[in-house]
2 protein chains.
Amino acid sequence: MEKTVTLAHGAGGLETALLVKELVKLFAIKNTPGGTGLRELEDSALIPLGEYYLAVTADSYTVNPIFFPGGDIGKLAATGTINDLAVMGAEPLAMLDTVVVEEGFPLEDLSKIMNSMARVLEEEKVALVGGDVKVMPKGALDKIVITTMGLGLVEKNRIVRNSGLKPGDVIIINGTVGDHGAVIMACQAGIEVETSLVSDCAPVTKAMRIALEVGGVHAAKDPTRGGLAMALNDLAKKSGVSILVHEEKLPIREEVIAYCEMLGVDPLTLACEGRVVLGVDREVAAEIVEALREKGYREATVIGEVIEGRVPRVYMRTKIGGTRIVEEPRGEIVPRIC
Amino acid sequence: MEKTVTLAHGAGGLETALLVKELVKLFAIKNTPGGTGLRELEDSALIPLGEYYLAVTADSYTVNPIFFPGGDIGKLAATGTINDLAVMGAEPLAMLDTVVVEEGFPLEDLSKIMNSMARVLEEEKVALVGGDVKVMPKGALDKIVITTMGLGLVEKNRIVRNSGLKPGDVIIINGTVGDHGAVIMACQAGIEVETSLVSDCAPVTKAMRIALEVGGVHAAKDPTRGGLAMALNDLAKKSGVSILVHEEKLPIREEVIAYCEMLGVDPLTLACEGRVVLGVDREVAAEIVEALREKGYREATVIGEVIEGRVPRVYMRTKIGGTRIVEEPRGEIVPRIC
């Protein structure tokens, strides 16, 4: 380990994974009996409960700016936690939130943020059952940090694991790539964001239900910090397979590409906050894409496939016909993206 | 509401309660069906699961200093969350933690903190099943904030509710009052803490098990932020009773009294982090105190009793024979106490 915490440790790429690996070693009990946890490090941990698993997840949100085109830190925190439950196949049931806020923070803004959170929970029929409020003295915190913890239930035969990809599976995404990351990056750089581009911040519960209803879903993940590059590498590693992505099939908005070129960032490393990557049985792939499109995910599309891979890797067939490796992102990427 | 967040909003007293009341109004779904949550605002929320309740709780820790006599922010976060489960009668099962840390924070300190957390979890046989790490740029956060979420199970007939106090009940505490608060307050004031005084930071699971084994426990609460004054007022309000405390019976260390006099703070408003206030049936009170003392809680003692009270109030019979009202604490008390 290096000697101090760096921004890269929080960027959700390779350095984050290495730090987490070190910290996880300190904890002797990594799961409840029959459940999953720190060994698997999936989007939610699972605790067995009769015919069900209880899915549980926790995330802290430090996004800067706290209000951004398409959402705010409250909406983001609620959706992020709901999505970590949904991608496991779970139905979100309840949430807790803690708010750590700086002395002098406008109460009106706090109300707005909590209201955004409340709207998401109400639409998703998720109860807020508890939480905490702490205040740090002026200068000890830049505005606000929100932490959300989610609980969901999933029938044991409906569970979707990160390790479920099989060679031959097809990779689907339910919408465009990198919108949230591009919006935040542009805001942080002081670039005026075009009105056509907003964060994709939204629950993926509906997309998951549509796909699960068709069936044949082998793995799912929301590509947040570290973007599609991190999510696909993570799925490939946990499943012991490789993934081939077709660049020409990736749905990326022109504005996102423009900001990425301007600021020198790979759109595949940019966080999405309302997207899910699905690894599905080849036989049902077209049906799932069609169902998603019919029900409002107009940009849902196949982006690649799962292939054998003794060393799990993510490859990209480029538009000009070559193939390159898509590495786990490294370095700072965009700080405080979520 | 005032216009901006103040330190008092985070102090755990009256202002915190008022702010939380406002924020809670925004959330439409305040509990899961048959469970408890934002209406009850107990130490844990309850989610019914067959013969059991799942108890869930979340807290953020912002304590300053992060290392203090008797513990550190990691030990504090693990014990605080375990204690919020234990006082409901629940057996802690699993925890999640999120770490938000400042860029430049020493990795060795992060390891120490996580190790303290791990030791508590291991001793308590609680699994850490998930979490998150975020980094904020230098200057955007004073060192580190840790958030912990705990899950526990409690048999429906073993549940201990904040609303369970009955007139005639006896109030017991398992140890001295205000040690944690006095230590943190002294550290913040730059006073060298006497080696005889350390934070009482410790799980209360053992004390709860001892009391529950005897039986007759009607209510329990860990007096953290806002101290004994807040905890007793909260129990009195939720139970619709009054409480009479005998000043001469309160176990308070001389050093704690000395710091409180020096800094002008009421020891009853100082946080404890390893204490539980029990409201128990009069018939078993002596047996519970004896059992607690035998099993290591040498300062366990009766401190008062529950009386009828149309307007729920906490009274203190003073050493000189008068009676005063113990109000819910107001104002800043000690910032970043936990």
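Some values worked out for this structure:
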read-out	value
Label-zone membership for region A:142-170, site A:Glu51, 7 angstrom Cα→C-beta point, backbone N under 19 Å	A:152-160
Gyration tensor verdict on region A:119-195 (Cα atoms; rounded if a/c is under 1.5, prolate if a/b is larger than b/c, oblate otherwise)	oblate
Gyration tensor verdict on region A:66-210 (Cα atoms; rounded if a/c is under 1.5, prolate if a/b is larger than b/c, oblate otherwise)	oblate
Helical mean residue ellipticity (222 nm; -39500 (n - 2.57) per DSSP H run of 4+; nearest 500) of chain B	-9000 deg cm²/dmol
Computed label-point distance, nm, for sites A:Glu254 and A:Phe67 using a 7 Å Cα→Cβ extension	3.0 nm
Per-q log10 I(q)/I(0), region A:212-326, q = 0.16, 0.18, 0.22 Å⁻¹ (Debye; single scatterer per alpha-carbon; no solvent)	-0.79, -1.01, -1.45
Zero-based 20 Å bins, Cα pair distances in chain A, whole percents	31, 61, 7
Long-range HN-HN contacts of B:Leu49 with modeled amide H, under 5 Å	B:Leu54
DSSP bridge pairs, region B:218-338: antiparallel proportion in percent, nearest 5	70 percent
Among A:Met114, A:Met230, A:Met149: highest mean-square fluctuation, GNM of chain A, C-alpha pairs under 10 Å	A:Met114
Nearest-first distances (nm) between copies at B:Gly240, label 7 Å from Cα via Cβ	6.1
Other-copy label distances relative to B:Glu327, 7 angstrom Cα-Cβ extension, nm	6.2
Sequence of B:Arg253, B:Arg310 once ranked by neighbouring C-beta atoms within 10 Å, starting from the fewest	B:Arg310, B:Arg253
Table column - 3J(HN,Hα) (Hz), region A:288-299, Karplus curve with 6.51, -1.76, 1.60, x for Gly and Pro	5, 4, 4, 4, 4, 5, 4, 9, x, 8, 5, 8
Fluctuation leader among A:Val87, A:Val311, A:Val177 - chain A, Gaussian network, Cα springs under 10 angstrom	A:Val311
Exercise: per-residue mean of other protein chain Cβ atoms within 10 Å, B:42-49	3
Cβ neighbours within 10 Å from other chains - mean over B:101-110	5
Placed amide H near A:Val133: partners under 5 Å, 5+ positions off or other chain	A:Val99
Separation of the B:Glu123 and A:Met262 label points, Cα + 7 Å toward Cβ, nm	5.5 nm
Where GluC sites (Glu not before Pro) in DSSP loops with at most 14 other Cβ within 10 Å are excluded, longest remaining stretch of chain A	A:52-191
Rounded if a/c under 1.5, otherwise prolate or oblate - the protein assembly as shown, Cα gyration tensor axes	prolate
Pair A:Asn115, A:Ala28: separation of 7 Å Cα→Cβ label points (nm)	5.0 nm
Likely footprinting exposure, A:Val306, A:Val135, fewest C-beta neighbours within 10 Å first	A:Val306, A:Val135
Sequence-distant residues sharing a close amide H with A:Gly37 (under 5 Å, placed H)	A:Leu46
Per-copy distances of the A:Arg282 label point, shortest first, in nm (7 angstrom along Cα→Cβ)	8.0
Candidates A:Ala118, A:Ala140, A:Ala127, ranked by Gaussian network fluctuation over chain A, Cα under 10 Å, top entry	A:Ala140
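Computed from the coordinates by the stated procedures, all read-outs in this text should not be read as laboratory data. All values derive from a computational prediction rather than experimental measurement. As a convention, Cβ positions derive from the backbone with ideal geometry for all residues, glycine included, and neighbour counts pool all protein chains shown.
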